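Structure first, commentary second.
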Amino acid sequence: MTEPRSTLDNVRIVLVQTWHPGNIGAAARAMHTMGLERLVLVNPRRFPDEEATRMAAGGEALLEQARVVESLEEAVADCGAVVGLSARLRNLALPQFEEGDEMARELMALAEDMPVALVFGRERSGLTNEEIACCTHQLSLPANPDYPILNLSQAVQVCAHELYRAFRHRQPVQGDAARQESRRQKDLPPSREQMQHFQQSLATALEDAGFLNQPHAQTLERLQNFYQRSSPTRKELSLLQGALRALVDAAEKP
């Protein structure tokens, strides 16, 4: 059985283009109080920074080991589930969590086997639609409808608390170890990198076959939405990749 600590280690908090370094520090403190240690920063305006260290107040180690990357795709490439936080739910074909505890239960169950991520956007404008589309789910935290806006560290704190509660109350999986491993191999979702690789291969094949006509962005978006809704497992995606490869090979034969 997976060690309890490693389950929390598989939970990643991703901050996209944070403007104020103090918010990075406050988010690190919020994470540390709930046992989360994996912080990833996508193009922060200023980091490292003394203000971030001051606001971390006990979570300085998270800042020291934080990973800084250039794109959201890089930050979540190996994740099986990626939840984008937004003040409002976007009109995108992504599964939506209605409540924070629902999100936490699903992510903590998956974190026993692979990395998962929560993604928080810019202080003023949040995440773009393109960035939300890089996620597997979206979540808007329920709040006072007259003023439903949480600042960055508050949103991180609420989500971190939900995750830690789910971690503490999760039930150990019982049964034969081989059966558990078989179930995991069958049911695990693909990583974002694996899914994006398949979608790119499909787009290339369709373009070569003349199926896509310019402009074809809407067609590709609809196909992406379809695969997001269907939530294929790794085995199912592997089957689709094999079928696509066979079709491409057959088309290339003289």
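The values are calculated or read from the model by the stated rules, or taken from the named source; none is laboratory data. Since the structure is predicted, the reported quantities are computational estimates derived from the model, not experimental observations. Cβ: placed from backbone, ideal geometry, glycine included. Neighbour counts: every protein chain shown.
A few points about this structure:
- Looking across the stretch 39-58, the residues that are under 19 Å from the mean Cα position of the chain (by Cα) and buried (at least 19 other Cβ atoms within 10 Å of the Cβ) come down to L39, V40, L41, V42, P44.
A quick yes/no check of all residues on (1) farther than 19 Å from D78 by Cβ; (2) surrounded by 15 or more Cβ atoms within 10 Å (Cβ to Cβ); (3) at pLDDT below 75:
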{"site": "P190", "(1), (2), (3)": "no, yes, no"}
{"site": "L206", "(1), (2), (3)": "yes, yes, no"}
{"site": "H216", "(1), (2), (3)": "yes, no, yes"}
{"site": "E221", "(1), (2), (3)": "yes, no, yes"}
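- Any hit, the stretch 166-173, residues being modelled with pLDDT under 90, over 16 Å from L8 (Cα atoms) and over 17 Å from the mean Cα position of the chain (by Cα): yes
- The residues of the stretch 17-33 that are surrounded by fewer than 23 Cβ atoms within 10 Å (Cβ to Cβ) and either outside the structural domain of E74 (by TED's automatic domain parsing) or in contact with a Phe, Trp or Tyr (Cβ under 9 Å, 6 or more places away or on another chain) (or both), listed by number, are P21, T33.
- The sole residue among A77, A109, A61 that is under 21 Å from A30 (Cβ atoms) and among the aliphatic types (A, V, I, L, M) is A61.
- Number of residues in the stretch 174-188 that are modelled with pLDDT under 55 and under 19 Å from the mean Cα position of the chain (by Cα) equals 0.
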